[in-house]
1. Quick one: is TRP21 surrounded by fewer than 18 Cβ atoms within 10 Å (Cβ to Cβ), of a type outside the set (D, E, K, R), within 18 Å of ASP3 (Cα to Cα) and under 14 Å from the mean Cα position of the chain (by Cα)?
2. Keeping to the range 97-123, report how many residues are of a type in the set (Gly, Ala, Ser), assigned to a loop (DSSP other than H, G, I, E, B) and under 21 Å from SER46 (Cβ atoms).
3. Of the conditions (1) more than 30 Å from ILE36 (Cβ to Cβ); (2) in contact with a helix residue (DSSP H, G or I) (Cβ under 8 Å, 6 or more places away or on another chain); (3) not in a loop (DSSP other than H, G, I, E, B), LEU79 satisfies every one except a single condition; which number is it?
4. What are the residues in the range 19-51 that are aliphatic (A, V, I, L, M) and either touching a Cys at 6+ places or on another chain (Cβ under 6 Å) or under 17 Å from ARG62 (Cβ atoms) (or both), if any?
5. Given the criteria within 15 Å of the chain's Cα centre (by Cα), closer than 19 Å to ARG22 by Cβ and among the hydrophobic types (A, V, I, L, M, F, W, C), does ALA108 qualify?
6. Quick one: which strands (runs of 3 or more DSSP E) sit completely within the range 1-71 and have at least 2 residues that are of a type in the set (Val, Ile, Thr)?
7. Among residues belonging to the range 3-18 that are surrounded by 13 or more Cβ atoms within 10 Å (Cβ to Cβ) and over 16 Å from ARG63 (Cβ atoms), point out the one that is modelled with the lowest pLDDT.
8. Give the residues of the range 94-112 that are within 22 Å of ARG67 (Cβ to Cβ) and either modelled with pLDDT under 95 or not small (Gly, Ala, Ser) (or both), sorted by residue number.
Amino acid sequence: MRDKPRIRFGEEIRVPDLAGWRRERYTSRAAGPMTIIPDWIGEVLSPSTESDDRGPKMDLYRRAGVRHVWLVGWIARTLEVYRAEPAGWLRVATFTGDTRVRAEPFDAVELDLAQIWALLPPIPREE
């Protein structure tokens, strides 16, 4: 498994679950945290991280210039797609279930959510 990306956002270093850069903006990874702000970030929500992912992290990402954020609810099996707008984050789509979707900024490619859910940890059982 690959390491999560360490990215410098000004004075802060954050480690999102996934990050992506447009090909023309990406440079090979050197030692230390990345300094080029990603175009897209994906965060997998969990009960222990959801409030940070939805609050401080998304605020930081928008201020830094990240254009898209995906929030993946691994328990609820949801994909929320956000686009940065001048007034704040705009949720442009929410997808659920084992369906095929086209989601910004990768809307040229059809994604099978069932395959994404298969990569996530099993849903915890209530006891």
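The values are calculated or read from the model by the stated rules, or taken from the named source; none is laboratory data. These numbers come from a predicted model, not from an experiment. All Cβ positions, glycine included, derive from the backbone under ideal geometry; neighbour counts span all protein chains shown.
1. On the way: surrounded by fewer than 18 Cβ atoms within 10 Å (Cβ to Cβ): yes; of a type outside the set (D, E, K, R): yes; within 18 Å of ASP3 (Cα to Cα): yes; under 14 Å from the mean Cα position of the chain (by Cα): yes.
Answer is yes for this residue.
2. At the first step, the residues of the range 97-123 found to be of a type in the set (Gly, Ala, Ser) are 97, 103, 108, 114, 118.
Adding the requirement that they be assigned to a loop (DSSP other than H, G, I, E, B) leaves 97, 103, 108.
Checking the rest, the ones that are also under 21 Å from SER46 (Cβ atoms) come to 97, 103.
Residues meeting the conditions: 2.
3. LEU79 satisfies all of (1) more than 30 Å from ILE36 (Cβ to Cβ); (2) in contact with a helix residue (DSSP H, G or I) (Cβ under 8 Å, 6 or more places away or on another chain); (3) not in a loop (DSSP other than H, G, I, E, B) except (1).
4. Residues of the range 19-51 aliphatic (A, V, I, L, M): 19, 30-31, 34, 36-37, 41, 44-45.
Selection gives ALA19, ILE36, ILE37, ILE41.
5. Numbers: within 15 Å of the chain's Cα centre (by Cα): no; closer than 19 Å to ARG22 by Cβ: yes; among the hydrophobic types (A, V, I, L, M, F, W, C): yes.
Here the answer is no, as ALA108 does not meet what is asked.
6. Values: elements: 7-9, 12-14, 18-20, 40-45.
Hits in the range 1-71: 40-45.
7. We begin by selecting, within the range 3-18, every residue surrounded by 13 or more Cβ atoms within 10 Å (Cβ to Cβ); these are 5-9, 14, 16-18.
Still in the list and also over 16 Å from ARG63 (Cβ atoms): 5-6, 17-18.
Values: PRO5: 85, ARG6: 89, ASP17: 92, LEU18: 92.
Within the range 3-18, the match that is modelled with the lowest pLDDT is PRO5.
8. Residues of the range 94-112 that are within 22 Å of ARG67 (Cβ to Cβ), as a first pass: 94-95, 101-111.
Listed by number, the residues that qualify are THR94, PHE95, VAL101, ARG102, GLU104, PRO105, PHE106, ASP107, ALA108, VAL109, GLU110, LEU111.
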